1. Could you give the length gained on full extension between GLU54 and TYR93, defined as 0.36 nm per residue of separation minus the Cα-Cα distance, in nm?
2. If we count every other residue with Cβ under 11 angstrom of THR109's Cβ, Lys/Arg +1 and Asp/Glu -1, where does the sum land?
3. Okay, which of region 68-96 sit inside 18 Å, backbone N to the point 7 Å along the Cα-Cβ direction of ASP209?
4. Expressed as an acute angle from 0 to 90° and rounded to the nearest 10, what is the orientation of the C-alpha long axis of helix 177-188 relative to the principal long axis of the chain?
5. By how many nm would the segment from LYS133 to LEU146 grow when fully extended, if each residue of separation counts as 0.36 nm and the alpha-carbon distance is taken off?
6. Could I have the simple spin-label model distance between ASP117 and THR29, label points 7 Å from Cα toward Cβ, reported in nm to one decimal?
7. Starting from the Cα-Cα distance between GLU185 and PHE265, subtract it from 0.36 nm times their residue separation and give me the gain in nm to one decimal.
8. Running a GNM on the chain with Cα contacts under 10 Å, which residue among LEU177, LEU160, LEU219 ends up with the highest mean-square fluctuation?
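What follows draws every value from the coordinates through simple rules; no lab data is involved. Keep in mind that what you see is a predicted model, and the values were worked out from it rather than measured. Cβ placement follows ideal geometry from the backbone for every residue including glycine, while neighbour counts extend to all protein chains displayed.
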Amino acid sequence: MKLFVTDLDGTLLNSEHKLSEFSMNAIKTAMDKGIPVCIATGRSYNDILEIISELDVKPYIISSNGASVYNTDGEKMYSISIPKDQVREIITYLKAQNLEFEVADDEYTYITQKGLDILHQELEDVGSVDTKKREELEQDVLGLVLSQGNLKVVPDMEVLLDSIESANSVSSISAYLNKIHKAMERFTMDKRILTFSSWKYNFEMTSSDTSKGIALKHLCEHLGIGLSDVAVIGDNYNDLSMIKIAGIKGAMGNAVENIKSMADFQAPTNDEDGAAKFLYKLMEDMGL
């Protein structure tokens, strides 16, 4: 193994979207032993920096599901974004469907106040029928949105559009799966964008010219590392493109079946520090 690549939510982070001390120490140990580490996630760059702020040495970062790649000095090596006029098309549709949406660039993840209001209302509506499900959704839906350290709430869609030049990604989240599936089907037909889900309550969009896998290829070319020497671990559909091309394939215990079916190794769940344990196993196999 010459490069270790890990997803964040559902993988390196626990179900409270936190990085445990055990997992942080695993990343530190690998880098101290000379193994490059890359975090590949749907989160935007500044949000990732806040999560890993306690790491003295920064890893490589693939942010916004492959839209940008950064080196360990924080320099952008690669970037492909969605043009602003296309962002307007996307979020105009989502707004008309009464769906929450988030638009991310390198600096912020933008959300409208109306979007937050929609999420709160959905949770209230669900909770009035099923209290247990509401508790689950408060963590899985609202908890994920609010865990983003660079989240910026703006008054409305026009202020959001005035704040960006382009977008690394656009995403939507809802407590209602039928709303998510309907919108996702609509955008799957648009060949300009890549549409996928990182877990069941959301879907995300990037430029069709990128993915975590494409970004990983660019990083490996830069580092002079063959894909056969890369270890990757993830949990959901947005990780498929990089797990497919990696020589060493890991799946979380909480991963979707598509990920598990192609993995060489199944780690424990994200609440059991599965990604870190996978990394320690690989280092042990190397005699480190």
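1. Full extension from GLU54 to TYR93 adds 10.1 nm.
2. That sum, taken over residues with Cβ under 11 Å, equals -3.
3. In region 68-96, the label zone of ASP209 (backbone N under 18 Å from the point 7 Å along Cα→Cβ) covers 68-70, 76-88.
4. The helix 177-188 is inclined about 80 degrees to the chain.
5. The span from LYS133 to LEU146 would gain 2.8 nm if fully extended.
6. If labels sit at ASP117 and THR29, their model points lie 5.0 nm apart.
7. 25.6 nm
8. LEU177
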